[in-house]
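Participant: My questions all concern the structure below.
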Amino acid sequence: MAERIRIVEVGPRDGLQNEAVTLPVATRVAFIEKLIAAGLKTIEAGSFVSPRKVPQMAETAAVLKAFEGRRGVSLPVLVPNMTGLEAALAAGAREIAVFAAASETFSLKNINGSIDESFERFAPVVARARAEGVAVRGYVSCALGCPYEGAVPLARAADVAERLAALGCYEISLGDTIGVGTPDAARSMLRAVAERVPMNSLAVHFHDTEGRAVANIRACLEEGVRVVDSAAGGLGGCPYAPGASGNVATEDVVYLLDGLGFETGVDRAAVIEAARFAFEALGKKRVTPRTP
Ligand code: HMG
Ligand code: MG
């Protein structure tokens, strides 16, 4: 039987958080419905962050409410602090993600705190979430490079990943936030992290600024990673990572994985349909050019 890869769809969060247009709740819900119809089982639905900082993710509570009681799909949301956790719990979130960085400057710009300060905030958040039976994923941003500091030593990504695992995150997603990675760099970084955190609790999260995300993912699959983040249509970027482009496109990841003989349970044509829907809603001229 083919080995399974879990795809974590981040389009409705990482994809939409950096768009000029803020989509209404109903459109965000419809986008998520299309992604569910495509077979995706984990779909990041939004963020409980400051709406002043990221207005595109305002009203994430209403997005979650629309899926209340829905079985068979996990809809994690980003949470930076206790305020965010309280709101996420009230909205019925069953999974959250905390997000740390391997670069001090990015941490400051993104969440207004140093790496150590971010862990002081996360510790009670993760403890409370777990006490409520809510699963917690962790992100390491800038694992391969920082928009402000440039190169980031491999040991820094490993340190931060280890700290997130020690807090109780069930999975750590290693983010190439600005898409500067190469297959060799990605492989080395993943190896360095896997010496400290088991490979079966790691995921990779590539942005595609330089068009190398698919090659980087392939290298990481060879190293043994089995969870891949992506966004339908290659939407995305981070408001605090100037110049960074979208996430690797889910349809490209599915094409790669199908070609390598992995099983994903995801229908590539339906992902492209979902991407078309989002592009149209955003008023983007270029709909994903890929054919099913
Ligand atoms: P702060 O200014 O230090 O927070 O921001 P504060 O506690 O001093 O509060 C300031 C104001 O924000 C207050 O409101 C709070 O109520 C409000 P005011 O009194 O001024 O009206 N506030 C909140 N409102 C809603 N939800 C909350 C919340 N917390 C405080 N949770 C904070 C700290 C983290 C909140 C802020 O910096 C922030 O929201 N940053 C946005 C971070 C973000 O969403 N970044 C993008 C996602 S990360 C990413 O894309 C990378 C990733 O994809 C992986 C990769 O690619 O590498 C994950
Ligand atoms: Mg990202």
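Participant: Right, residue 210: surrounded by fewer than 18 Cβ atoms within 10 Å (Cβ to Cβ) and over 13 Å from the mean Cα position of the chain (by Cα) or not? Even if it seems obvious, please write down each step before you answer.
Facilitator: On the way: surrounded by fewer than 18 Cβ atoms within 10 Å (Cβ to Cβ): yes; over 13 Å from the mean Cα position of the chain (by Cα): yes.
Yes, satisfied.
Participant: Another question about this same structure. Go over the candidates 98, 125 one by one and state the one that is among the aliphatic types (A, V, I, L, M), away from ligand 2 (no atom under 16 Å from the Cβ) and either within 20 Å of the chain's Cα centre (by Cα) or open to solvent by 50 Å² or more (accessible area, probe 1.4 Å) (or both).
Facilitator: Details: 98 fails: away from ligand 2 (no atom under 16 Å from the Cβ).
Testing whether each residue is among the aliphatic types (A, V, I, L, M), away from ligand 2 (no atom under 16 Å from the Cβ) and either within 20 Å of the chain's Cα centre (by Cα) or open to solvent by 50 Å² or more (accessible area, probe 1.4 Å) (or both) leaves just 125.
Participant: Only one of 227, 248, 180, 204 is open to solvent by 10 Å² or more (accessible area, probe 1.4 Å), within 16 Å of ligand 2 (Cβ to nearest atom) and free of Cβ contacts under 8 Å to residues at least 60 places away in the same chain. Can you tell me which?
Facilitator: Unique residue meeting the criteria: 180.
Participant: On to the next question. Being in contact with a Leu (Cβ under 6 Å, 6 or more places away or on another chain) and surrounded by 19 or more Cβ atoms within 10 Å (Cβ to Cβ) is the requirement here; does residue 44 meet it? It would help to see each step written out before you state the result.
Facilitator: Values: in contact with a Leu (Cβ under 6 Å, 6 or more places away or on another chain): no; surrounded by 19 or more Cβ atoms within 10 Å (Cβ to Cβ): yes.
Judged against the criteria, residue 44 is not a match.
Participant: Identify, from the list 107, 141, the residue that is within 9 Å of ligand 1 (Cβ to nearest atom), at pLDDT 95 or above and surrounded by 23 or more Cβ atoms within 10 Å (Cβ to Cβ).
Facilitator: Values: 107 fails: within 9 Å of ligand 1 (Cβ to nearest atom).
Checking each option against the conditions leaves just 141.
Participant: Also: Taking the condition away from ligand 2 (no atom under 14 Å from the Cβ), in a helix (DSSP H, G or I) and over 20 Å from residue 6 (Cβ atoms), does residue 274 pass?
Facilitator: On the way: away from ligand 2 (no atom under 14 Å from the Cβ): yes; in a helix (DSSP H, G or I): yes; over 20 Å from residue 6 (Cβ atoms): no.
For residue 274, the condition - away from ligand 2 (no atom under 14 Å from the Cβ), in a helix (DSSP H, G or I) and over 20 Å from residue 6 (Cβ atoms) - is not met.
Participant: Within the range 200-222, can one find any residue that is hydroxyl-bearing (Ser, Thr, Tyr), out of contact with any helix residue (DSSP H, G or I) (no Cβ under 9 Å at 6 or more places or on another chain) and within 16 Å of ligand 1 (Cβ to nearest atom)?
Facilitator: Step one: list which residues in the range 200-222 are hydroxyl-bearing (Ser, Thr, Tyr), which gives 201, 209.
Adding the requirement that they be out of contact with any helix residue (DSSP H, G or I) (no Cβ under 9 Å at 6 or more places or on another chain) leaves 209.
Still in the list and also within 16 Å of ligand 1 (Cβ to nearest atom): 209.
Yes, the range 200-222 contains a residue that is hydroxyl-bearing (Ser, Thr, Tyr), out of contact with any helix residue (DSSP H, G or I) (no Cβ under 9 Å at 6 or more places or on another chain) and within 16 Å of ligand 1 (Cβ to nearest atom).
Participant: Ok, one more. Pairs under 9 Å by beta carbon, first residue under 13 Å from residue 144 (Cβ atoms) and touching a residue at least 24 places away in the same chain (Cβ under 8 Å) in the range 154-173, partner within 16 Å of ligand 2 (Cβ to nearest atom) and of a type in the set (S, T, N, Q), six or more apart or different chains?
Facilitator: That search, which allows pairs on different chains as well, returns 156/103; 160/141.
Participant: Got a sec? Which of 266, 197, 193 is over 15 Å from the mean Cα position of the chain (by Cα) and either in a helix (DSSP H, G or I) or within 12 Å of ligand 1 (Cβ to nearest atom) (or both)? Spell out the reasoning first.
Facilitator: Details: 266 fails: either in a helix (DSSP H, G or I) or within 12 Å of ligand 1 (Cβ to nearest atom) (or both); 197 fails: either in a helix (DSSP H, G or I) or within 12 Å of ligand 1 (Cβ to nearest atom) (or both).
Just one listed residue meets the conditions, 193.
Participant: Next question. Of everything in the range 165-176 that's surrounded by 24 or more Cβ atoms within 10 Å (Cβ to Cβ) and over 11 Å from residue 196 (Cβ atoms), which residue is nearest to ligand 2 (Cβ to nearest atom)?
Facilitator: Filtering the range 165-176 for residues surrounded by 24 or more Cβ atoms within 10 Å (Cβ to Cβ) gives 169, 172-176.
Of the ones still in play, those that are also over 11 Å from residue 196 (Cβ atoms) are 169, 173-176.
On the way: 169: 16, 173: 9, 174: 11, 175: 5, 176: 9 Å.
Looking at the filtered set, the residue picked out is 175.
Matching residues to (1) in contact (Cβ under 8 Å) with a residue 40 or more places away in the chain; (2) farther than 24 Å from residue 148 by Cβ:
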| position | (1), (2) |
| --- | --- |
| 52 | no, no |
| 63 | yes, yes |
| 73 | no, yes |
| 125 | yes, yes |
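Participant: Only one of (1) free of Cβ contacts under 8 Å to residues at least 60 places away in the same chain; (2) within 25 Å of residue 80 (Cβ to Cβ); (3) assigned to a helix (DSSP H, G or I) fails for residue 185. Which number is that?
Facilitator: Status for residue 185: all satisfied but (2).
Participant: Can you list the helices (runs of 4 or more DSSP H) lying wholly within the range 1-92 that have 1 or more residues being within 11 Å of ligand 1 (Cβ to nearest atom), under 20 Å from the mean Cα position of the chain (by Cα) and among the polar types (S, T, N, Q)?
Facilitator: Answer list for the range 1-92: 60-65.
Participant: Moving on to the next point. Residue 103 fails exactly one of the following numbered conditions: (1) away from ligand 2 (no atom under 16 Å from the Cβ); (2) in contact with a Cys (Cβ under 9 Å, 6 or more places away or on another chain); (3) hydroxyl-bearing (Ser, Thr, Tyr). What is the number of that condition?
Facilitator: Failed condition: (1).
Participant: Within the range 230-245, track down each residue that is near ligand 2 (Cβ under 10 Å from one of its atoms), at pLDDT 80 or above and open to solvent by 10 Å² or more (accessible area, probe 1.4 Å).
Facilitator: Within the range 230-245, 236 is the sole residue that qualifies.
Participant: Which residue out of 123, 129, 151 is at pLDDT below 95 and more than 13 Å from ligand 1 (Cβ to nearest atom)? Write out each step before concluding.
Facilitator: Working: 123 fails: at pLDDT below 95; 129 fails: at pLDDT below 95.
Within the list 123, 129, 151, the selection yields 151.
The values are calculated or read from the model by the stated rules, or taken from the named source; none is laboratory data. The structure presented is a predicted model; accordingly, all values stated were derived computationally and were not measured. Because the Cβ atoms are built from the backbone with ideal geometry, glycine has one as well, and the counts that use them run over all protein chains shown. With ligands, DNA and RNA removed, areas are computed over all heavy atoms of the protein, side chains included. Shrake-Rupley method; radii C 1.70, N 1.55, O 1.52, S 1.80 Å.
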